[in-house]
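A quick write-up on the structure given underneath.
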Amino acid sequence: MMRFKLISCEVLARQAYYVAAFSPHVVDIELVDKGLHREPDVLRAHLQERIDAIPKGQYDALLLGYGLCSNTTVGLICPHLKMVLPRAHDCITLYLGSARRYGEEFRANPGTYWYTPDYMERGGSSNDQISLGVTSDDHRMDEVYQEYVAKYGKDNADYLMEVMGAWKKHYNRAAYIETQEIRLPDYRDEVRTLAQRRGWNFQQLAGSLILIRDLLEGRWDEERFLIVPPGHTITPTYDDRIVTACPII
């Protein structure tokens, strides 16, 4: 048995506590205010403060309930403890259970607002604040552009982005993710009504706990998780790996 520290966005609270209850390891959970996502630099500094406050010798690993999240996790470092995080652009991957699945959904429907019970419960007064759509997709498109530049050159990348640019003109789908393994409050009707009002398609997608479960149970294969050794920092790769670990010089 090992002892883990999990620092996670509060929108994963229900999933994290549920999985931790059945984990063969001891998992201490610390939640971070969802609203800090609006200012990635502020959130990054806040996360680093929490990491710095972890006592030496108390845990076997620090787990992060985050993806890149608008580069929020880039530059984080823990001098005395390895960090583990999913290879994910944002929490949509964690809800869907697979970065590959999120990539397929994104390519097929880039104009999507994403909704989950957790995010809606902890949202603000506007509909935009209870969805995962704008911030994550805007940043994902920036990453797609960087990938295209690296693979095809700037001119071809600019052309491809122009062809794909219709996604910016309007959104056309409200996707409601329902986690299969646990029963959560049902907000489908609310999202369906919102979609009708905006003239969007409504679609319900099956979510999965697999990434969160494997994170908290210590099954960290290289394809889905990044293990950051002590004294290393998190760096984006702009490819399928999403993130890598680099030593601090």
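The values are calculated or read from the model by the stated rules, or taken from the named source; none is laboratory data. This structure is a prediction, so every number in the text was calculated from the model and none was measured. Don't worry about glycine lacking a Cβ; one is built from the backbone with ideal geometry, like all the others, and counts go over all protein chains shown.
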Q) Picking from I92, I29, which residue would you name as being surrounded by fewer than 22 Cβ atoms within 10 Å (Cβ to Cβ) and of a type in the set (A, V, I, L, M, F, W, C)? A) I29
Q: Looking at (1) assigned to a helix (DSSP H, G or I); (2) at pLDDT 95 or above; (3) closer than 22 Å to R241 by Cβ, find the lone condition where A20 falls short.
A: (3)
Q.
Would you confirm whether or not region 56-64 contains a residue that is among the polar types (S, T, N, Q) and under 20 Å from M2 (Cα atoms)?
A. yes
Q) What helices (runs of 4 or more DSSP H) completely inside region 123-222 contain at least 3 residues that are touching a Pro at 6+ places or on another chain (Cβ under 9 Å), modelled with pLDDT under 90 and among the hydrophobic types (A, V, I, L, M, F, W, C)? A) none
(Q) So, in region 223-249, how many residues would count as being in a strand (DSSP E or B) and either of a type in the set (A, V, I, L, M, F, W, C) or crowded, with 17+ Cβ neighbours inside 10 Å (or both)? (A) 10
Q: Among the residues of region 37-61, write down those that are in a loop (DSSP other than H, G, I, E, B) and surrounded by 10 or more Cβ atoms within 10 Å (Cβ to Cβ).
A: E39, I54, Q58, Y59, D60
Q: Filter region 93-108 for residues that are out of contact with any His (no Cβ under 9 Å at 6 or more places or on another chain) and not polar (S, T, N, Q) and give the result.
A: L94, Y95, L96, G97, R100, R101, E104, E105, R107, A108
